[in-house]
Amino acid sequence: MSVPPGRIPDLDLDLLRCFVQVAERGGFTAAAPALGLTQSAISLKIRRLEDLLGKRVLDRTSRSVALTPQGETLLAYARRMIALNEEAVRRLVAPPVTGRLRLGVADHFVPRSLAPLLARFARLHPGIRLEVEVGRSHELRRAQEAGALDLVLGKRRDGEAEGVVLWSEPVIWAAAPGWDAPPDRPLPLAMLPAGCMFRDRALAALARAGMAFEIVYTSASLLGVAAAAQAGLGVTVIGASGLPDGLVPFPALPPLGQAEMTVFGDLARLAPLATPLVEAIREVARPVPALAA
């Protein structure tokens with residue numbers, strides 16, 4: 001169905017929620033339990049949405065489901081519309097939540113995601129006073145264990161089971177656009193200080209591959225390390241979601257696996273304050289997985 005000229009349809013939030021769940025959970029099968037619907041009912045809702053728009057938002061085959069270019073555009077708008085609806089309802093209907101929450105945030109989360117997270121959280125929950133400390137994961141966790149922080153958003157170390165995992169992402173090598181490793185000397189690295197999980201994993205991967213390297217720049221701040229790599233001093237390591245402007249993936253080195261971004265702390269005890277924060281973190285930072293039928 002095509003949209004008549006001059007008529008702009010109203011988008012149905014129920015259809016948008018269904019579409020977002022299919023996109024974020026990887027297909028109709030995975031979305032069905034979350035929506036409480038059968039796959040055929042979900043398919044009907046997606047078809048109604050496509051008829052309303054006069055555009056296909058999903059390419060479906062017998063084995064896979066993929067976002068169309070129009071679907072990728074719609075997904076961003078759908079999330080914003082659902083979030084705005086939730087914000088309005090919370091402000092007008094839900095009882096206000098008040099209190100103080102001390103949050104530690106690993107600095108590799110900062111470049112892209114921290115500012116929108118704090119802005120959205122402040123709009124949704126003006127009664128919660130959020131105090132934020134940015135630093136290195138292991139240092140923030142020590143502060144949390146000592147009672148100086150309530151929650152920490154940081155990396156879970158290999159083999160660890162503590163905390164609630166929010167998402168998993170690739171750990172990548174990153175360098176300035178067009179940068180290449182010098183052929184006549186060891187690979188130059190810009191790194192965080194010893195104790196950083198990404199640093200340890202990178203050095204171990206290079207050692208296993210028999211590659212010579214030298215650490216030419218060290219900074220306790222990820223922004224400082226990123227600035228060194230942006231200037232062409234060397235290659236660095238970062239979680240994919242934290243890749244800042246001025247750096248691009250540098251795939252010509254050994255793979256570094258995945259990292260789990262995790263919330264550490266007593267979520268049950270802090271539930272009235274922590275639950276809205278965890279929801280806000282998921283909304284801002286959630287990656288879109290490859291879709292499957």
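Look at the dipole of the range 155-293 built from charges on Cβ: of G234, Y217, A194, the Cα furthest out on the positive end belongs to A194.
Long hydrophobic helices in the chain: the complete DSSP H runs spanning 20 Å or more by Cα along their own axis with mean Kyte-Doolittle hydropathy of at least -1.0 are 39-53, 69-92, 271-285.
Output the antiparallel fraction of DSSP beta bridges having both residues in the chain, as a percent to the nearest 5. For the chain, the DSSP antiparallel bridge percentage is about 55.
Each Cα pair under 8 Å and six or more residues apart adds its sequence gap; the mean of these over the residue count of the chain is a relative contact order of 23 percent. Charge tally for V97 (other residues, Cβ to Cβ under 13 Å; Lys, Arg +1; Asp, Glu -1): +3.
If you take all other residues with their beta carbon under 14 Å from the beta carbon of P255, and give Lys and Arg +1 and Asp and Glu -1, the sum is +1. If only the Cβ of Lys and Arg carry +1 and only the Cβ of Asp and Glu carry -1, the dipole of the range 122-184 around its Cα centre is close to 300 debye. Once the mean of 1/r is taken over each pair of separate Cα atoms and inverted, the range 177-242 shows a Kirkwood hydrodynamic radius of 12.2 Å. Each Lys and Arg adds +1 at its Cβ and each Asp and Glu adds -1 at its Cβ; summed about the Cα centre, the range 13-92 shows a dipole of about 40 debye. With a cut-off of 13 Å between beta carbons, the residues surrounding K155 carry a summed charge of -2, where Lys and Arg count +1 and Asp and Glu -1. Would you indicate which of [x] 22.0, 66; [y] 17.2, 56; [z] 21.0, 67 is the value of Rg and Dmax of the Cα atoms in Å derived from the coordinates of this structure? Recomputing Rg and Dmax of the Cα atoms in Å here picks out [x]. Would you work out which of P244, L53, V278 lies farthest towards the positive end of the dipole of the chain, given +1 charges on the beta-carbon of Lys and Arg and -1 on that of Asp and Glu, about the Cα centre? Result: L53. Were the residues from T73 through D266 laid out at 0.36 nm apart, the gain over their Cα-Cα distance would be 65.7 nm. Taking the Cα centre of the chain as reference, the dipole from Cβ charges on Lys and Arg (+1) and Asp and Glu (-1) amounts to some 600 debye.
Computed from the C-beta positions of R208 and A231 and an R0 of 30 Å, the FRET efficiency is 0.60 to the nearest 0.05.
Values quoted throughout were computed directly from the atomic coordinates according to the rules given, and no laboratory measurement underlies them. Only a predicted model underlies this, so the values are computations on that prediction, with no experimental measurement involved. Cβ atoms come from the backbone with ideal geometry, glycine included; neighbour counts cover every protein chain shown.
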